[in-house]
Structures are given as structure tokens and as C-alpha cells.
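Below you'll find the structure, written out as C-alpha cells, and then a few comments.
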Amino acid sequence: MIKEVGKFAGQEVTVKGWLYNKRSSGKIKFLILRDGTGYLQCIFFKGAVSEEIFEIADKIGQESALEITGKVRAEGRAPGGFELDATNLKVISESHEFPITPKDHGIEFLMDNRHLWLRSNRQVAILKIRHRITKAIRDFFDERDFILVDTPILTPAACEGTSTLFETEYFDLGKAYLTQSGQLYAEANAMALGKVYNFGPVFRAEKSKTRRHLTEFWMVEPEVAFADLNDNMNLAEEFLEYIVQSVLQDREEELKVLGRDLTMLKNVKRPLPRISYDEAVEILRKNGIDFEWGNDLGGTDETIISNQFDRPVMVHRYPSAVKAFYMKHDPENDKFALAVDVLAPEGYGEIIGGSQREDNFDVLLKRIEEHNLPREAFEWYLDLRKYGSVPHSGFGLGLERTVSWICGLEHVRESIPFPRMIYRNTP
RNA sequence: UCCGCGAUAGCUCAAUGGUGGAGCAUUCGGCUGUUAACCGAAGGGUUGCAGGUUCGAGCCCUGCUCGCGGAGCCA
């Protein structure tokens, strides 16, 4: 692997990879090889290699698959600090006229060639950070005795009854829908296991066309029995700190490739500021926004609020009218739901949405009726309130928005290898 | 769904209503330390599609298609 090449200084090694870029100056050629772990400049001097190999090194195109043998040498001028004095070159397979050149390209072209664009150093850096975030998510919950539960992707009815879902035929049973959240099923699992999380793809058929939306994205949803809203917020802030600090520790080089300013990320330490919806409305009005009490916060509202803080901010106790049916109302004021959203700094918006769930059978049944949801579809969910109901809470974190925020991306489409968007489902 | 902007060489972009160009990529030549290398040369075009105005349309008008940015909805 190229990232380990420094351990072999002075020795002859053979490296396999793809030709990232090539420069030449008469009798000397510089071939930059990449293998996914790093980049290695390989030097071909005329005379040091055979005429035949020198000729091949001259002809091969960008992204040709190569096997290069040579001696590792520390070299300050080379990116990475080491380079290879090549003695041999084997072409595994040739590549000609690779579409993505080192020069500028437009977004349409890059998205059409997403399968090839992934090879660029920027995309490689993003994918590595995405992986580190995924690993941090799993480590965090695993270390705290949460059990990973996998919830169904095909569901018989809308989970929350709010968003538009993708629909499909399900044999003789009628319509089925792609899940928008595993939460309801996670609640059932939490009643079995205490502390659980699910982590998988979810689907939204809304015709959202913004830099923050995908139709298919990944969400992690912890659910905890015997936990109230406050416990939920404690968990959320510890979770975010863990994720961000893990990435800072292990992926600083990749963040540098992306040109990410790290100051805001370094601030992500407990405690995170907590404000109520009422306080959020006050902030908006102080900033000259004519905000009507009772509305949900829009994208620009979220940016204004998050700009008041140097780290993510938790907004809790939203008007129950704008939130989902399963959220417990505040016993001190029925107008509010015991909900919490976490807004990322720098305008990245809502990355976490959570709540304490309604645990009373009669109240939940009333909510289902008020929202005109079919009771039959929720009988099993109501059962959870019938057989040993307990206060419980959880939240969902959108992976792509988190990746975008940590990486400082302009658009979520770069945060996942093959984004699915309203006007694009290829490649 | 609504508002705004755009579509010219493989890619990124120029071109006053009057003979469509440049850089990169490709091919050929030059250069023994390049950093998106550089220098010289060559090939490369139904200007998104359909119609209209005009002596003449890449440019003006209408419709369509596709894309981009934003709003709403949401994570």
C-alpha cells in the first residue's frame, strides 16, 4: 500500500495502482500513482530503465492500471515525502482519454461521470471521512451497550404520515412503501432490549430540490427505554462530540484536502447550547425576521439561529402542531411537543431530529385519530403502550448532512458515492 | 410545484445581428526535477430540439427538453 511506502525507504518495492497524473521533461518522467491509500510519484530516468519501458511510460494514459517496481527514497520535493526511482513498469490494463482531466469540469458532467469522479483526491477524501463518521456512530453506540437492530425497508404504511413515500406493488397484499424512518420499529426493539439503534437507508419521495436533500439517504436512529427528553439531549450532544472529535483525530489530512476550516469543528464539545422554540423565535425577531409563532423553522431561519452560536445548537419544545403524532406533549404546556432538533453551525441546518415518545395508550390513540391515520396499521404500535409502557426517547441523525457539514461541502450530492436526487438516479 | 439563470469542440469557456475562437484533453515534435509542468504543431463543430423574425441568427422572439441556483417540504 502506498501509505506504508515510507517504511521501505532504501528498499526496492512493487506498487500497484492507477496513473493519477503524468509529467515529463525530456529524459525524465514523473508518473503519479494512486491506490486509494495515497499518492506516489515515480521517477523514470532515461537510462535507468530500458528503452521499451521508457517508451511505455511515455504513452500510457491517465487511470491506466500499473505495477511499478523501484527503490523508495525520501524526497522533500515529492508530495508525501517519498518517491520511487522506478526500475520496472508493468501495464495491467491501459486507459485512454479518461474523461475527468485535472482541469475544471461542470457539475453536470461530473455527476454524469460520478462512477469515475469518485477517483479524484477530493472524492476519496470525502468517502474516507464518511467512513470514519459511520465507524464513530457504530463505536459510540456499541461502547454504550446499545444493540444494533435492523428495521424493515418495505413497510405497509407511512411511519409518520407526513412525508411523501415511494410506493410499490407488494404481491397480493396491495401497496407497500419504502420506509422514511425505522423509528417505530426501533421503539418495539427498545422495549425488548432497552437501548437500541438502527442504521440504514431511508427514502423520501418529496420533490425537494435543494443542496440539503436526497431522495435516498442514511439515517441512524437510537431509541432508549426509560429516557426522557433531557436524557435524549444529553445523548445527542455526547454523540455529536464523539463523531466530530473522532474525525478530527483520524482524518485531519483529508479535511485539509477539502480545505476545511477546523475552528468550528474543534468547538464541538459538551455542553451544547440548548434553547427553546420560544427563545429561537425571539432570536429570529431580533434579527428582523417577521416570524409567526407556531410555524416550523425554515432553512434560512435555521441558519440565522445557528449563526448565533459557535457550535451546534439544540432547539427543544416545538409547537406540537408542526411535529409528528407520536411525540409526547410537554406536561407543563400542552401546546409544545417534547421534541428536539440539533442545528449544525455554518448554515448546514438540521442534522438531528428527536423527541420523547408518547407512552400513554389513550393519548396516542387520540393523536392517531386526530392525524387521520388508519388505526389498523398502528395496532402493533399501540400494543407497545398496552404491555408495560415506559417513557422512552430517541432521535435520528442524517448521515449525509453530517458528512456535508463536517467536510464543509456545498451540496449533499458529494457526501454519498451515488446520490439519488429528484432529477437524477444515474449512474 | 413555484421563481430565477443557463445549454457553443471530449471538458471549461469566449465570440457588437455580418467568415465560430482559446485553454485543457487527444496525436506528433522539444526539454534530466516536474508540482493542474512548460514550449511548438496538428486534428477536432448540424452552436440542446422545433418553429419564427431578418438580406443574413450562436446572438432577437415563441414552444419544448435537459441542467443549475433558490423557495416550499424535510434529515
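Of all the helices (runs of 4 or more DSSP H) wholly in region A:11-119, which have at least 2 residues that are within 10 Å of RNA strand B (Cβ to nearest atom) and within 33 Å of the chain's Cα centre (by Cα)?
Values: elements: A:51-59, A:107-112, A:114-117.
Once the helices (runs of 4 or more DSSP H) in region A:11-119 are filtered for at least 2 residues that are within 10 Å of RNA strand B (Cβ to nearest atom) and within 33 Å of the chain's Cα centre (by Cα), what remains is A:107-112.
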Mind telling me which of the residues A:166, A:199 ends up being within 14 Å of RNA strand B (Cβ to nearest atom) and surrounded by fewer than 20 Cβ atoms within 10 Å (Cβ to Cβ)?
A:166
Residue, nearest to residue A:263 (Cα to Cα), within region A:382-401, restricted to residues that are surrounded by 23 or more Cβ atoms within 10 Å (Cβ to Cβ) and more than 9 Å from RNA strand B (Cβ to nearest atom):
A:394
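Does region A:355-373 contain at least one residue that is touching a Pro at 6+ places or on another chain (Cβ under 7 Å) and buried (at least 20 other Cβ atoms within 10 Å of the Cβ)?
The initial filter retains those residues of region A:355-373 that are touching a Pro at 6+ places or on another chain (Cβ under 7 Å), namely A:356, A:359.
Now drop any that are not buried (at least 20 other Cβ atoms within 10 Å of the Cβ), which leaves A:356.
Yes; the residues of region A:355-373 include at least one that is touching a Pro at 6+ places or on another chain (Cβ under 7 Å) and buried (at least 20 other Cβ atoms within 10 Å of the Cβ).
Which residues, counting only those in region A:379-388, are of a type in the set (Ser, Thr, Tyr) and under 33 Å from the mean Cα position of the chain (by Cα)? Show your work before the answer.
Taking region A:379-388 as the starting set, the residues that turn out to be of a type in the set (Ser, Thr, Tyr) are A:381, A:387.
The answer is A:381, and nothing else.
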Among (1) assigned by TED's automatic domain parsing to the domain that holds residue A:226; (2) touching a strand residue (DSSP E or B) at 6+ places or on another chain (Cβ under 6 Å), residue A:420 falls short only on (1)
Residue pairs within 8 Å by beta carbon, gap of at least six or interchain, first lying in region A:199-222 and assigned by TED's automatic domain parsing to the domain that holds residue A:300, second assigned to a strand (DSSP E or B) and of a type in the set (S, T, N, Q), listed first then second, are A:220/A:198; A:221/A:198
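Do we have any residue at all in region A:140-160 that's in a helix (DSSP H, G or I), in the same structural domain as residue A:190 (by TED's automatic domain parsing) and of a type in the set (A, V, I, L, M, F, W, C)?
Of region A:140-160, the ones in a helix (DSSP H, G or I) are A:140-143.
Filter again for in the same structural domain as residue A:190 (by TED's automatic domain parsing), leaving A:140-143.
So of that shortlist, the ones also of a type in the set (A, V, I, L, M, F, W, C) come out as A:140-141.
Yes; the residues of region A:140-160 include at least one that is in a helix (DSSP H, G or I), in the same structural domain as residue A:190 (by TED's automatic domain parsing) and of a type in the set (A, V, I, L, M, F, W, C).
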Between A:75, A:83, which is at pLDDT below 90 and either assigned by TED's automatic domain parsing to the domain that holds residue A:126 or touching a Phe, Trp or Tyr at 6+ places or on another chain (Cβ under 9 Å) (or both)?
A:75
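Residue-by-condition table, conditions (1) among the β-branched types (Val, Ile, Thr); (2) within 28 Å of residue A:254 (Cβ to Cβ); (3) touching a residue at least 40 places away in the same chain (Cβ under 8 Å):
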residue: A:31; (1), (2), (3): no, yes, yes
residue: A:51; (1), (2), (3): no, no, no
residue: A:72; (1), (2), (3): yes, yes, yes
residue: A:78; (1), (2), (3): no, yes, no
residue: A:82; (1), (2), (3): no, yes, yes
residue: A:89; (1), (2), (3): no, no, yes
residue: A:103; (1), (2), (3): no, yes, no
residue: A:106; (1), (2), (3): no, yes, no
Can you tell me how many residues in region A:312-341 are assigned to a strand (DSSP E or B) and touching a helix residue (DSSP H, G or I) at 6+ places or on another chain (Cβ under 9 Å)?
18
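Residue A:350 - would you say it is within 9 Å of RNA strand B (Cβ to nearest atom), outside any helix (DSSP H, G or I), within 25 Å of the chain's Cα centre (by Cα) and in the same structural domain as residue A:372 (by TED's automatic domain parsing)?
Working: within 9 Å of RNA strand B (Cβ to nearest atom): yes; outside any helix (DSSP H, G or I): yes; within 25 Å of the chain's Cα centre (by Cα): yes; in the same structural domain as residue A:372 (by TED's automatic domain parsing): yes.
Yes, satisfied.
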Across region A:125-150, the tally of residues that are among the hydrophobic types (A, V, I, L, M, F, W, C) and within 16 Å of RNA strand B (Cβ to nearest atom) stands at 4
For residue A:63, all conditions in the list (1) touching a Lys or Arg at 6+ places or on another chain (Cβ under 8 Å); (2) at pLDDT below 90 hold save one; what is the number of the exception?
(2)
Here are some residues: A:162, A:179. Which one is among the β-branched types (Val, Ile, Thr), modelled with pLDDT under 90 and either more than 18 Å from the chain's Cα centre (by Cα) or within 13 Å of residue A:396 (Cβ to Cβ) (or both)?
A:162
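Out of A:193, A:214, A:184, which single residue is among the aliphatic types (A, V, I, L, M), within 14 Å of RNA strand B (Cβ to nearest atom), modelled with pLDDT of 90 or more and farther than 22 Å from residue A:405 by Cα?
Details: A:193 fails: within 14 Å of RNA strand B (Cβ to nearest atom); A:214 fails: farther than 22 Å from residue A:405 by Cα.
The conditions single out A:184.
The values are calculated or read from the model by the stated rules, or taken from the named source; none is laboratory data. Here the structure is a predicted model, which is why all the values come from computation and not from measurement. Please note: Cβ atoms are built from the backbone with ideal geometry, for glycine as well, and neighbour counts cover all protein chains shown.
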